[in-house]
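First the structure, in the form of structure tokens, and then the observations on it.
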Amino acid sequence: MIGTSNKEHLSRLESEAIYIMREVAAETEKPVMLYSIGKDSSVMLHLAKKAFYPEPVPFPLMHIDTTWKFKEMTEFRDRIARENGLDLIVYTNEEGLRRGLDPVRDGAVYTDVMKTEALKQALDKYGFTAAFGGGRRDEEKSRAKERIFSLRNAHHTWEPRMQRPELWDLYNTRLGPGESLRVFPLSNWTERDIWAYILRENIEVVPLYFAKDRPVVMRGGNIIMVDDDRMELLPGEKVEMKKVRFRTLGCYPLTGGIESDASDAEAVYRETCGAVNSERTSRVIDGDAGVFSMEKRKKEGYF
Amino acid sequence: MADFLRFMTCGSVDDGKSTLIGHLLYDAKMLFADQERALELESMSSDAQGERDYSLLLDGLSAEREQGITIDVAYRYFATEKRSFIVADTPGHEEYTRNMAVAASESELAVLLIDAVRGVRVQTKRHLRICRMMGIKKYVFAVNKMDAAGYSEDVFRGIESELRELTSEMERVRIETIPLSALKGDNVTLRSENMPWYCGPTLLDYLEDVQVEASDEEGFVMPVQRVNRFDGKRGLQGNVSSGEIRMGDEIVIYPGEACATVDAVNVSGENADEAAKGQAVTICLSEDLDISRGYVLAKDTELKCTDMLEAKLLWMDEEALAEGRTYLLKLATQCVNVSILKIKYGIDPDSGKHLAVKKVGKNGLACVDLSCHEDLVFDSFDKHRAMGRFILIDKVSGNTAGCGTVKFALRRAENLKRQEHDITREARAKALSQTPMTLWFTGLSGSGKSVLANELEKIMASRGMHTMLLDGDNVRLGINRDLGFNDYDRTENIRRVAEIAKLMNDAGIIVLTAFISPFEEDRETAKRIIGGDSFAEIYVSTPLEECERRDVKGLYSKARAGEIPNFTGIGSPYEIPKNPDVVIDTTEGDAAEMAEMLFGELKERFELK
């Protein structure tokens, strides 16, 4: 009985997100949109195009590339950027790459260096003062507590006890030296709203979201796709073909799929309405530091 | 009926807000299986000793679990067959009142919890007052913990009548009172068998069916967020905050009240014939007017455009609000400097009585008069919500220090019209054959401002100029004898000096002022009052060590001994001018020589005679 997304409600969410994007464009010095290639990023980009139509999107997009994303994601990213004439920055932490960090072997260190550190480096390098992210409050408990405009100090860390009050639609964008903002225009959207909107607006997303026969292994209760030959099989693991799709996308060895027959947006939306587990269950990286892993990573500067 | 509802839960700490929402989600099967599993696991390891602790579903920060309290707002999203809901669960502690206010600002309805055993508390009343101030029109009073009160009808009716009294003066609001138990689930989603005497709806039934009325705001209003440029046209972008707009409509643009015709309307990136409240639009006008962010488009209604207003305020900063302080005020898409002219009264959260106060501390409510440094387009909050609500930003910390709602524009600003005299400032200046202006000396105590100003005045007088020297100590012994040295009094001291200088300039006189004036903001205020063209900032840059060595009045040694708190340069900062007209260091020569040099420079820069 998780219910459905309603038409009026979706339009309200759409207007709110557009308003937020226009505020950032009008009030911040150097904004950027973090583009993760996932469904939330696709929705965010679609909204940005609407917000400034017929002008082009007035800020660049940036992807933090760990080099372990699914191949299909990278292809999709480059094609979307090309077709839309977007200013796309791709940033990789070269130091981490040189040290050959591996998502499976190095676990938390990998996430810290290739994602959190990489993001901080990239923001500093370009001097961005505001970064849009696709985070939603329904994803996780500490996200549910975050403001739409969230302040980061010069070290990019978040202080959850010192959040600025956010009243009505009056967003405070004033920054001190070195400070920057994270802005979440999709804060009030749920996973269902995202799919309902993708369906309504016919937004293109990475095909990994739709069920297809894919080579996978079972690992720690997760279905992991073998996307390239960098993936080392553990003893007893066997590659098999399964009809799977992904609810969230990230580094392929850290992203669990689900068995499903939903092969288009409508079927996925219907499945989402009846889902029994939250979408974060398929993120391997959430589990490692207990209940507050997300809050901890966010304080350190993870998006 | 609207297919969504944004509501909040509030009330005192331990009245069971998080538990209620947790139970609502759990009962209505609105949890995912992994969240439910996590709940069972966490409940076992927490103090609930194996009983399901529904509040764990909402308290998402580690500090909250550690202390067993809610610190910040948590948002939950759920939907039933009838409606989508966004619910904000808020902290009950007085300490975190501002976070509760955040939720109130975005909610259409408030569920206010009252502990059946403990009854209505101060915090209950405080929350109710804040919800009202934020504009909430619908309330559910959830009388919780009825299980602990033996499901007694008498207890419920007692609280109900207390609430009736509390809300008797609230106009145009809808109130529902429901007895329930968040812990046991009575009247949350299922009708309670323990309270057969109650015939009203369950909480969920009510939330699903309550009417959220269409807005009663007058006419069309849209604050301009930004201007889009394409094909040589300007697109005015913003969200419609009230009413509707169609192609061909005549609109009025504030400030200035110019008229124009709507040529094109675009809603969320698609061309349309019309747009309504809440929609994100781009509007093109047939006339090419110079409109930018902060302008407001309106139709069939009238907005105010003036600089003084009276407002209700909720203060949220650690540093108390005091008269004379200056903040940034953000209202719709405008952002202006504003001074706290007067704290009219504080509001007692318990009784609602007016209190005479000098300062308003964190979480305090007050009624204040505000003076904006430039005209502001606004309206009363009752008439146009988006045009009558604002936040105050501390310019140093950048924090959102307070929020408020406009009661009305102060007539004073509108009714006091500057009297135009036949003998003008220009005529008086001409009679004295000089260009009146103010030479504003600023610098540390002992930097040589007064000495230098005195020497300069002698030179000017010898050349037949009509001058007046306003000196710090002299003014403080006379017109400003009522002022001390706290922040407010220092600001007021400078304001009065600036007003006096301006009057003298109007009389044709060249004014020299010698005040430490350590704050950039105060010097900016002086410049604004006197007028930028008539104002020259002279920074006497003698270093602190030299001033302290001279210590003409013996003040530095007193300050070092801790006898004078807030002494500039020792206990209080001096903000060096960013763009002074002249910089002069008195260690480089004797006063008469320096004054001669200064006069030469001023003559070159300004037309003094």
Looking only at aspartates and glutamates whose Cα falls under 15 Å of B:Lys82's and that sit 8 or more positions away or on another chain, we get A:Glu8, B:Asp3, B:Asp205, B:Glu208, B:Asp209
Computed over chain B: longest principal axis from alpha-carbon atoms vs helix B:153-166 long axis, angle to nearest 10 degrees, is 30
Whole-Å distance linking the alpha carbon centroid of the range B:88-106 with that of the range A:89-115 is 39
The lysines whose Cα lies under 23 Å from the Cα of A:Lys243, excluding any fewer than 8 residues away in the same chain, are A:Lys39, A:Lys69, A:Lys71, A:Lys212
Kirkwood calc, the range B:157-240, C-alpha pairs only, radius in angstrom 17.5
Here the convex hull volume per residue of chain A, taken over Cα atoms and given in Å³, is 137
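Exceeding 32 Å between C-alpha atoms, which entries from my cross-link table qualify? They are A:Lys115/B:Lys362; A:Lys30/B:Lys578; A:Lys30/B:Lys277. Numbers along the way, then the final one.
Working: A:Lys115/B:Lys362 38 Å; A:Lys30/B:Lys578 24 Å; A:Lys30/B:Lys277 30 Å.
In this structure, A:Lys115/B:Lys362 lie more than 32 Å apart at Cα.
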Cα pairs beyond 40 Å in chain B, in percent, come to 46
DSSP beta bridges in the protein assembly as shown: the antiparallel percent, rounded to 5, is 65
Rounded to the nearest 10 degrees, the helix B:449-462 long axis (Cα) sits at an angle to the longest Cα principal axis of chain B of 50
The answer for B:Lys138, listing residues at least 5 apart or on another chain whose modeled amide H is closer than 5 Å to its amide H, is B:Ala110, B:Arg174
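Using the beta-carbon distance between B:Thr261 and B:Glu318 and R0 = 41 Å, what value does 1/(1 + (r/R0)^6) give for FRET efficiency, to the nearest 0.05?
Numbers: r = 50 Å, r/R0 = 1.22.
So the FRET efficiency works out to roughly 0.25.
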Working note, the range B:220-299: Cα radius of gyration (Å, one decimal) and Dmax (Å, whole number) are 10.8, 30
Quick calc, the range A:55-167, dipole around Cα centre from Cβ unit charges on Lys, Arg (+) and Asp, Glu (-), nearest 20 debye, gives 340
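Ignoring everything except DSSP H segments at least 4 long, calculate the 222 nm mean residue ellipticity for the protein assembly as shown; use -39,500 (n - 2.57) per segment, divide by total residues, nearest 500. It would help to have the intermediate numbers written out before the result.
On the way: 25 runs with 260 residues, N = 912.
Theoretical 222 nm ellipticity from helices: -8500 deg cm²/dmol.
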Evaluated at 25 °C and 0.890 mPa s, the Stokes-Einstein D of the protein assembly as shown based on the Kirkwood radius over Cα pairs, in µm²/s, stands at 79
Expressed as a percent, the portion of alpha-carbon pairs in the range B:304-396 spaced more than 20 Å apart is 32
Between the alpha carbon centres of the range B:496-560 and the range B:220-258 the gap in Å comes to 44
Per principal axis, largest first, the Cα atoms of the range A:147-263 extend in Å by 53, 37, 21
Among B:Gly446, B:Thr525, B:Leu456, the residue whose Cα sits farthest towards the positive end of the charge dipole of the range B:431-567 (+1 at Cβ of Lys and Arg, -1 at Cβ of Asp and Glu, taken about the Cα centre) is B:Leu456
Semi-axes in Å, largest first, for the range B:429-605 (Cα gyration tensor, √(5λ)) are 26, 19, 14
quick shape note, the range B:237-347: Cα extents on principal axes in Å, largest first -> 49, 26, 22
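What size of dipole, in debye to the nearest 20, comes out for the protein assembly as shown about its Cα centre when the only charges are +1 on Lys and Arg C-beta atoms and -1 on Asp and Glu C-beta atoms? Mind dumping the intermediate values first?
Numbers: 123 positive and 153 negative charges, 128 e Å.
That gives a dipole near 620 debye.
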Quick calc of log₁₀ I(q)/I(0), the range B:101-184, Debye, one scatterer on every Cα, no solvent, q values 0.11 1/Å, result -0.28
Rounded to the nearest 10, the angle in degrees between the Cα long axis of helix B:591-605 and the longest principal axis of the Cα atoms of chain B comes to 70
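Take each uninterrupted DSSP H stretch in chain A, measure its Cα extent along the helix axis, and return the ones at 27 Å or beyond whose mean Kyte-Doolittle hydropathy is at least 0.5. Each step should come with its number before you reach the end.
Working: long enough: A:7-27 (30 Å, -0.40).
The qualifying helices: there are none.
Determine Rg/Rh for the range A:27-91; Rg is computed over alpha-carbon atoms and Rh is the Kirkwood hydrodynamic estimate from the same atoms. Please report the intermediate quantities before stating the final value.
On the way: Rg = 11.8 Å, Rh = 12.3 Å.
Here the Rg-to-Rh quotient is 0.96.
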The alpha-carbon center of the range A:19-33 and that of the range A:184-237 are separated, in whole Å, by 30
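For each of A:Ser36, B:Ser351, count neighbouring Cβ atoms within 10 Å of the residue's Cβ, then give the residues from fewest to most.
B:Ser351, A:Ser36
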Taking Rh as the Kirkwood radius computed over alpha-carbon pairs of the range A:27-152 and applying Stokes-Einstein at 4 °C with viscosity 1.567 mPa s, one gets a diffusion coefficient in µm² s⁻¹ of 82
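A short reminder: the numbers here are calculations on the coordinates, not readings from a lab. Please read all numbers here as calculations on a predicted model, not as lab measurements. Cβ coordinates were reconstructed from backbone atoms using ideal geometry, including for glycine residues, and neighbour counts include every protein chain displayed.
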